[in-house]
Amino acid sequence: MLALICGQGALPTLIVQNCSIRPLVASLTQFQPDELIPDINFRLENLGVFLILLKQRGVTKVCFAGGIRRPDINPSLIDGSTKPLVSRILEAQAKGDDGALRIIIEIFEQAGFAVIGSQEIVPNLLPSVGILTKRMPTPQDHKDVTRAAEVIMGMSHLDIGQACAVAWGQVLAVEVYSGTEWMLNSLVERSYSWPLGGLLFKAPKGTQDRRVDLPSIGLKTCKQAKDAGLNGIVIAHDGVLVLDVADVIAEANRLDLFLWVCEYPF
């Protein structure tokens, strides 16, 4: 049996809709899903009990999907089954996203669960290579993609983010803890001295475990990129989820953006 451990956003609902048998839905108490009703709510302070409960429900596989932030830990709520995991939980809290998720994966695997990626359940979330829109990238856009890829690769060992915005060879912004939406919003009121146009580039970190936290784009990303004055969106092939590909392509065409799925790293 599959357990979907979900956060916020559209991805958890898409996964449930594509499962022939409804998975058990679980979520952190502090970060309820937008549309699904969880079968189990849990806190990190009770992770040990949660793992036991999953076994009792017959769960053998887990999938993590949706956005969360790092919850505060209340030491007074830690139960006896979770005490052996506390040092690992605190270690995860102190690391970047990739490092933290690797520790969480290890905890679940050591408890006997197989961890699978959302793309294994919904493979059409990963579109094929190519320019998917009517608008085409310019020669300068090609140069900016190379520059953006260098930025993401350079950030990977720092475990910071999975996106950046580049125009005319200049790095306009990079994604950090606050996410892509915050990054793009920071460009909305660009100074006129900044380069106009440019692109959003998203790709997984170089050493990232692709079963969890793959970057994603959706309809909102298109609008945010347009509002930020960018000309298009470029994503890494097999490394970025597109939530409803047909709708995203249609929205990009409506907004006169290009959407380019490219091989990465180059």
Next on the checklist: Only Cα pairs within less than 10 Å get springs; with that Gaussian network setup on the chain, which residue of R43, R57, R135 has the largest fluctuation?
Outcome noted: R57
Next on the checklist: Could you tell me the calculated FRET efficiency between M1 and V49, based on Cβ-Cβ distance and R0 = 22 angstrom, to the nearest 0.05?
Outcome noted: 0.75
Next on the checklist: Give me the percent relative contact order of the range 130-266, please, defined on Cα pairs under 8 angstrom at least 6 residues apart.
Outcome noted: 30 percent
Next on the checklist: From the phi angles alone, apply the Karplus equation (6.51, -1.76, 1.60; θ = phi - 60°) to the range 176-189 and give each ³J(HN,Hα) in whole Hz, x where the residue is Gly or Pro.
Outcome noted: 10, 4, 6, x, 5, 4, 4, 4, 5, 4, 5, 9, 4, 9
Checklist entry - Amide H to amide H under 5 Å from Q8: which residues, 5+ apart in sequence or cross-chain, H placed 1.01 Å off N in plane? => result G67, I68
Item to check | Extension reserve of the D209-K134 stretch, reckoned as 0.36 nm per residue once the Cα distance is removed | outcome: 23.7 nm
Checklist entry - Sequence-distant or interchain residues sharing an amide H contact under 5 Å with V166, placed H: which? => result L172, L199, F201
Item to check | Separation of the S76 and H237 label points, Cα + 7 Å toward Cβ, nm | outcome: 5.6 nm
Item to check | Sequence ranges 73-83, 7-17, ranked by mean other-Cβ count within 10 angstrom, highest first | outcome: 7-17, 73-83
Item to check | Share of Cα-Cα pairs in the range 93-228 lying beyond 18 Å, as whole percent | outcome: 61 percent
Checklist entry - How high is the relative contact order of the range 22-127, in percent, with contacts defined as C-alpha pairs under 8 Å that are six or more residues apart? => result 26 percent
Item to check | Other-chain or far-sequence residues with amide H under 5 Å of H237's (modelled H) | outcome: C262, E263, Y264
Checklist entry - Near K143, which aspartates and glutamates are there with a Cα under 19 Å away, not counting those fewer than 8 places off in the same chain? => result E263
Checklist entry - For the chain, what number results from the quotient of the Cα radius of gyration and 2.2 N^0.38 Å? => result 1.06
Item to check | Segment Q56-I116, length gained on full extension (0.36 nm per residue, minus Cα span) | outcome: 19.6 nm
Checklist outcome for this item: For the range 51-66, in residue order, the Karplus 3J(HN,Hα) values (coefficients 6.51, -1.76, 1.60; θ = phi - 60°; whole Hz; Gly and Pro = x) are 4, 5, 5, 4, 5, 5, 7, x, 6, 10, 10, 10, 10, 9, 8, x
Checklist entry - Ignoring any ligand, DNA or RNA, what whole percent of the accessible area of the chain comes from carbon and sulfur when the probe is 1.4 angstrom? => result 54 percent
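The values are calculated or read from the model by the stated rules, or taken from the named source; none is laboratory data. Since this is a predicted model, take the numbers as computed values, not measurements. Methodologically, a virtual Cβ is constructed for each residue, glycine included, from the backbone with ideal geometry; neighbour enumeration extends over all protein chains shown. Remember, those area values only see protein heavy atoms, side chains included, never the ligands or the DNA or RNA. Shrake-Rupley method; radii C 1.70, N 1.55, O 1.52, S 1.80 Å.
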